[in-house]
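A short write-up of the structure that comes next.
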Amino acid sequence: MALIYAFRDEAGHWHGDPGRTGAAVEATLTFPAGCAGPFAGQTLLVRTAGLVEATPGSIRYFLDDGTTCYATREAENRLFGPQVTAARRHERWPPPAASGDTPAFWALSDGDRHYDLTVTPGPGRSAVEIVGADRDGQVIASLRGHLPDGDLGFVAALLREATGPAPARSRRRGRWSPQEKALAVRRHHEGATVEAIADELSRTPKGVQYKLHYLGLAPLPRPARRRP
């Protein structure tokens, strides 16, 4: 997991463990004016690295470049000083805006890589951010975008389908809806095959062929030939 283990204040003083050797990533973290801690109103230079042996703190930090991480327990204590207990009630830093749109976040790590998912609600849609880092804190993946309200679960199901074995698809039977008819007509005019249309509608190719014939767009399916 990538952790902040050292930081430099605007006076040029280092805090934490700046003498640590090994790969590290530098970024900035801005403390809003009037917030808790001795560094209110300052932009700190922070160093992060994948520290498997370190004890992480409980606050998730949103860095100025849009990435997120945690800090070692020691660095977290130094970031807030006597106000660290009050700061830990926020669970994230900087605290969310007073608008009430509190982001939700999830984290997953296997020791070699760490991924964070942040979903920030907005009017009618949510901002979604996924950031991945290796054990040294180097960013290896970054995705940002927006989803309509309620569609996060739908996209999660799509990702599960894309990464797992394709489930057996059941074929619809019975009455066609107006939407199905419209899709079949449009795809037929676009040059799609009967098989492709059948897959999109979860119907049998023969059923699609009969429907296109009924709509005046295709001949009747040929009867299967019997072997002599």
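Of GLY100, GLY137, which residue is crowded, with 16+ Cβ neighbours inside 10 Å, modelled with pLDDT under 85, assigned to a loop (DSSP other than H, G, I, E, B) and not basic (Lys, Arg)?
That would be GLY137, the only listed residue that is crowded, with 16+ Cβ neighbours inside 10 Å, modelled with pLDDT under 85, assigned to a loop (DSSP other than H, G, I, E, B) and not basic (Lys, Arg).
Within the set of pairs 6 or more residues apart or between chains, which connect a residue that is in the same structural domain as VAL84 (by TED's automatic domain parsing) inside the range 36-47 to a residue that is among the basic types (Lys, Arg) with Cβ atoms less than 6 Å apart?
Hits for this filter: LEU45/ARG8.
Residues that are of a type in the set (Asp, Glu), at least 1 per element: which strands (runs of 3 or more DSSP E) completely within the range 1-85 meet that? Don't jump to the end; show me each part of the working.
Working: elements: 2-8, 14-16, 25-30, 43-50, 60-62, 68-71.
In the range 1-85, 25-30 are the strands (runs of 3 or more DSSP E) which contain 1 or more residues that are of a type in the set (Asp, Glu).
Quick check on the range 30-39: of everything there that is at pLDDT 90 or above and out of contact with any helix residue (DSSP H, G or I) (no Cβ under 6 Å at 6 or more places or on another chain), which residue is surrounded by the fewest Cβ atoms within 10 Å (Cβ to Cβ)?
THR30
For (1) loosely packed, with under 13 Cβ neighbours inside 10 Å; (2) over 26 Å from ILE130 (Cβ atoms), each residue gets a yes or a no:
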{"position": "VAL52", "(1), (2)": "yes, no"}
{"position": "PHE80", "(1), (2)": "no, yes"}
{"position": "VAL84", "(1), (2)": "no, yes"}
{"position": "ARG92", "(1), (2)": "no, no"}
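Only one of ALA27, ALA6, ALA75 is under 21 Å from LEU143 (Cβ atoms) and surrounded by 19 or more Cβ atoms within 10 Å (Cβ to Cβ); which?
On the way: ALA6 fails: under 21 Å from LEU143 (Cβ atoms); ALA75 fails: under 21 Å from LEU143 (Cβ atoms).
Within the list ALA27, ALA6, ALA75, the selection yields ALA27.
The values are calculated or read from the model by the stated rules, or taken from the named source; none is laboratory data. Note that the structure is predicted; figures quoted are calculated from it, not measured. Every residue, glycine as well, gets a Cβ built from its backbone with ideal geometry; the counts of neighbours run over all protein chains shown.
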